[in-house]
Amino acid sequence: MNTDLASLYQQVILDHARKRSGFGLSADATARHHELNPTCGDEITVGIAKDEDGTLSVLGWEGQGCSISMASASTMSELCAHRDAAEVRTLIDQFRAMLRDREGGEPPESLEDAVAFQGVARFVMRIKCAMLAWVALEACLDQLSARERTTPAAS
């Protein structure tokens, strides 16, 4: 990664760490999940709700931690809010794959500002910081899916 691009990505992370998009949990969230990184003490709680069509109508979070975890939660919120749950799962998978790619391959454009975290892949101890909110979001989606499977359909 060239130094200009690395500087741009660093600025995106710092901006999101300061101006936290999606910060705050809504009372309308129907699924919540808390994640803790015991290594560094970062913690995040994500809350979501879906519309009948599967779109995330609510996506919010609260937490405390390093700039990477806070900025990652912020970019995740901007990227995933008001999207179809299946599409959100794809974005989570793409983000996870990008962080596992230590070769620095070209990240998908669909990740938008979240590509700023590509360089985190080189720092194994920081990957969990970047993934924390995304793992919590995935757990929230799993909660809602489990409820949908066990709730009988209205006739």
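Every number in this text was worked out from the coordinates using simple rules, so none of it is lab data. This structure is a prediction, so every number in the text was calculated from the model and none was measured. Don't worry about glycine lacking a Cβ; one is built from the backbone with ideal geometry, like all the others, and counts go over all protein chains shown.
Before moving on, here are some points about what is shown:
- Dimensionless Rg/Rh of the stretch 1-92 - Kirkwood Rh, Rg from C-alpha atoms: 1.02
- Between 0 and 90°, nearest 10: helix 124-150 axis offset from the chain longest Cα axis: 10 degrees
- The loop-placed trypsin sites (Lys or Arg not before Pro) in the stretch 9-49, going by DSSP, that have at most 13 neighbouring Cβ atoms within 10 Å of their Cβ come out as 19.
- Among 130-136, 42-48, 83-89, 59-65, sorting by the average number of other beta carbon atoms lying within 10 angstrom of each residue, highest first, gives 130-136, 42-48, 59-65, 83-89.
- What the Cα atoms of the chain give is an Rg and a Dmax of 15.6, 59 Å.
- Cα-centred dipole magnitude for the stretch 66-153, charges only on beta-carbon of K, R (+1) and D, E (-1), debye, nearest 20: 440 debye
- At full extension, residue 11 and residue 64 could sit 17.1 nm farther apart than now, given 0.36 nm per residue minus the alpha carbon distance.
- Electrostatic dipole magnitude of the stretch 1-124 [Cβ: Lys, Arg +1; Asp, Glu -1; Cα centre; debye, to 20]: 420 debye
- Take the Cα of residue 27, step 7 Å toward its Cβ, do the same at residue 57, and the gap between the two points is 1.6 nm.
- When the Cα positions of 125, 31, 46 are compared along the charge dipole of the chain, 125 comes out farthest toward the positive end, with charges on each C-beta of Lys, Arg, Asp and Glu.
- The stretch 3-146: relative contact order in percent, alpha carbon pairs under 8 Å with at least 6 residues between: 29 percent
- Sorting 143-150, 69-76, 120-127 by their mean Cβ neighbour count within 10 Å, with the most densely packed peptide first, gives 69-76, 120-127, 143-150.
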